[in-house]
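Encoded as structure tokens, the structure appears first; notes follow it.
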Amino acid sequence: MRIQHSSLTGCWGRSRLCLPILISVVLAGALVAAPLRPVHAPHAMVASVHERASRAGVEMLRSGGNAVDAAVATGFALAVVHPQAGNLGGGGFLLLRRANGKTRFIDFREKAPAAATENMYLDSAGNVIPESSKNSSVVGYRAIGVPGTVAGLVYAEKHYGKLSLEKVIAPAIKLAREGFTLTYEDARDLKEDEYLAEFPASKHIFLREGNFYQPGDLFKQPELARTLERLAQDPDTFYHGAMAHELAAAIHQGGGLVTAADLAAYEVKEREPIRGSYRGFEIISAPPPSSGGVALVEILNILEGFDLAKLGNRSADVIHLEAEAFRRAFYDRADFMGDPDFAKVPVAQLIDKKYAAAWRESIDLNRATLSQDLKRPPIFSELERVARLRPSAIREPENTTHYSVVDAEGNAVAVTTTLNDSFGSRVTAAGLGFLLNDEMDDFAAKQGVPNNYGLIQGPANAIGPGKRPLSAMTPTIVLRKDGSGNSELFLVMGSPGGPTIITTVANILIGVVDFSLDIQEAVNAPRFHHQWLPDQILVEDRLSPDTMSVLRSRGHKLSLEHFWGDGECIMIDSRTGERLGASDGRNNGKAVGY
Ligand code: GLY
């Protein structure tokens, strides 16, 4: 079931659950409460999907911490208050831009265990094992990749934070030990997962043995509190100490592949972020193993040649052009993207503005290009030789969470983190109280077979020991020029949503840059998405019927979805320097500042 609301949701998920009653609950629970204006704060801001997590970050900022301290505190707190995606047992990416202009990108993506093999999710007949099976790449112990989150957060804190680890973990410990009052959305999300009950520790902790939590209940997690306390005292225990052995034993007992040796071999990587520009703004975003930054910059490069502002916000013309740009970027993503430590990813070519210009030439202003007819422009013939890959398919899952931080000095952090599916593999590490990812499903389980989302990718993303699966996570920072021509912080952005993360970030950014929306308006604005295959524009059903009918008349197939994603973004007011926080009106998050 896919009704997690910090994520791509509803009918487009694998189970395509589309019950009107649930949708009206969503309307009542989330959209009615949608913020219409950004939160203003003179000094600092944290935006996340859960108010308690945003407040944990602000607590660090108020007590002398910087944006990294706040981000790490928010990350640990999300592992407690937003267990469907906040995590200790998953992975993610952290993009930091310091006030001095230096950037850092920390990759703490999960890795495949050493025993992983290319065909490990195929049955004896060579078919992909269905997700409902406990042997699948989605549910159960075999879906688990080597977690990177603890390493990533601890690394960020040690290298770029100002406070102690004990201090930044303290709010999470308190939330787990003393509990927190569940909101309507918290209780609803705990109730709705169809696989959690299959794993005794998960059933006990999150479902109260079937006596489901209700809004207003106090939710305490004593095992998780103890785990966090142990990490605060000795973070190394997760990868090299007693906790590594406990975790590996729990996974082994359930038939999973992650061993103590895999945990000991895990390493965080600092990578060069992707850099691009759009109408004079500088874009800094996620490099491979995320496809996010490359695809985002490619999309923006293509669109830069069109006067979107003149065509009008959410007009059929603009949606047509954006969909065509999305289509082309996802076509390239399918062929070329994977873990850069294992596959050659032609990043420079893909984000070259000359390449975008050639793609632009192929766009008919009045007619949709059929995805099956798409041909890469000849300027890229060299690239074709380097990496034209066997197409393969992968199902990209939905639940992830993003948070953004700006501190009083102007340091900015964008973090997107994930267990992959909502509640990950649904396995809770016995005795440790945290959920483990199903990130192995972000690899291509089988070449050439379209997944439930129809996403196609190349063997660059085949399963291999020690490899990081391809991601779409797109933590992004945007700079503008100040009066003296120097770059200054403008936007900190990101969202969950599997492949829709990339187009959600593009939608928000274009809303601000081309249509002068404030950051809250841009986050709230109706979204649309195209990913090459399936050949359709996914549109939020708030688009007007006449806009949709113009798009159909141009040959686009439309697929309507209620909503998806969760933009948690911050904009800096150039005049006042105020931090403007926008938490997505589709959900129940909160931007908190001071
Ligand atoms: N697991 C979602 C992503 O990495 O894109």
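Screening Arg367 with (1) open to solvent by less than 50 Å² (accessible area, probe 1.4 Å); (2) among the basic types (Lys, Arg); (3) in contact with a Lys or Arg (Cβ under 6 Å, 6 or more places away or on another chain) gives one miss only, at (1). The residue that is nearest to the ligand (Cβ to nearest atom), counting only those in the stretch 398-408 that are surrounded by 24 or more Cβ atoms within 10 Å (Cβ to Cβ) and more than 11 Å from the chain's Cα centre (by Cα), is Ser404.
Only residues that are in a loop (DSSP other than H, G, I, E, B) and among the polar types (S, T, N, Q) were counted in the stretch 253-268, giving 1. Across the stretch 198-235, the qualifying residues are those that are under 27 Å from Glu131 (Cβ atoms) and among the small types (Gly, Ala, Ser), and the one among them that is surrounded by the most Cβ atoms within 10 Å (Cβ to Cβ) is Ser202.
Only one entry of Asp262, Asp307 meets the criterion of being farther than 30 Å from Ala232 by Cα and either charged (D, E, K, R) or within 16 Å of the ligand (Cβ to nearest atom) (or both), and that entry is Asp307. Among the residues making up the stretch 84-143, those that are in a strand (DSSP E or B) and either at pLDDT below 95 or touching a His at 6+ places or on another chain (Cβ under 7 Å) (or both) are Leu122, Val128.
Say we look at the stretch 409-449 and pick out the residues that are assigned to a loop (DSSP other than H, G, I, E, B) and of a type in the set (A, V, I, L, M); which of these is farthest from the ligand (Cβ to nearest atom)? If you could, list the steps in order and put the result at the bottom.
Here is the first cut: in the stretch 409-449, the ones assigned to a loop (DSSP other than H, G, I, E, B) are 409-411, 421-427, 429-434, 437-438, 443, 445, 447-449.
When the remaining residues are screened for being of a type in the set (A, V, I, L, M), the result is 427, 429-430, 432, 445, 449.
Numbers: Val427: 16, Ala429: 19, Ala430: 24, Leu432: 22, Ala445: 14, Val449: 19 Å.
That would be Ala430.
Before we move on, is Val512 out of contact with any Pro (no Cβ under 7 Å at 6 or more places or on another chain) and over 17 Å from Arg314 (Cβ atoms)?
On the way: out of contact with any Pro (no Cβ under 7 Å at 6 or more places or on another chain): yes; over 17 Å from Arg314 (Cβ atoms): no.
Answer is no for this residue.
Once the stretch 377-397 is narrowed to residues that are assigned to a helix (DSSP H, G or I) and either among the small types (Gly, Ala, Ser) or within 16 Å of the ligand (Cβ to nearest atom) (or both), the residue that is modelled with the highest pLDDT is Ser381.
Among the residues of the stretch 423-437, write down those that are crowded, with 24+ Cβ neighbours inside 10 Å and either at pLDDT below 95 or on the phi > 0 side of the Ramachandran plot (or both). Outline the logic, then answer.
Taking the stretch 423-437 and keeping what is crowded, with 24+ Cβ neighbours inside 10 Å, we get 423-429, 434-437.
Once the filter is applied, which keeps residues that are crowded, with 24+ Cβ neighbours inside 10 Å and either at pLDDT below 95 or on the phi > 0 side of the Ramachandran plot (or both), the stretch 423-437 yields Phe423, Gly424, Arg426, Ala429.
Pairs are defined by a Cβ separation below 8 Å, a sequence spacing of at least 6 or placement on different chains, a first member in the stretch 357-370 that is in a loop (DSSP other than H, G, I, E, B), and a second member that is of a type in the set (Gly, Ala, Ser); the pairs so defined are Ile363/Ala325; Arg367/Gly555; Ala368/Ala323; Ala368/Gly555; Thr369/Ser362; Leu370/Gly555.
Answer with yes or no whether Leu489 is modelled with pLDDT of 95 or more, over 25 Å from Ala71 (Cβ atoms), of a type in the set (A, V, I, L, M, F, W, C) and over 21 Å from the mean Cα position of the chain (by Cα).
no
For first residues located in the stretch 150-164 and surrounded by 21 or more Cβ atoms within 10 Å (Cβ to Cβ), partners that are of a type in the set (Ser, Thr, Tyr) and lie 6+ apart or on another chain with Cβ distances below 8 Å form the pairs Val150/Tyr239; Ala151/Tyr239; Ala151/Tyr266.
Kindly establish whether Gln457 is within 16 Å of the ligand (Cβ to nearest atom), of a type outside the set (Gly, Ala, Ser) and modelled with pLDDT under 95. Explain how you work it out, then say what you get.
Working: within 16 Å of the ligand (Cβ to nearest atom): yes; of a type outside the set (Gly, Ala, Ser): yes; modelled with pLDDT under 95: yes.
Yes; evaluated as a whole, the condition is true for this residue.
The values are calculated or read from the model by the stated rules, or taken from the named source; none is laboratory data. It should be emphasised that the depicted structure is a prediction, and the values quoted were computed from it without experimental measurement. Counting neighbours? That spans all protein chains shown, and the Cβs are built from the backbone with ideal geometry, glycine included. All accessible areas refer to the heavy atoms of the entire protein, side chains included, with ligands and DNA or RNA removed. Shrake-Rupley method; radii C 1.70, N 1.55, O 1.52, S 1.80 Å.
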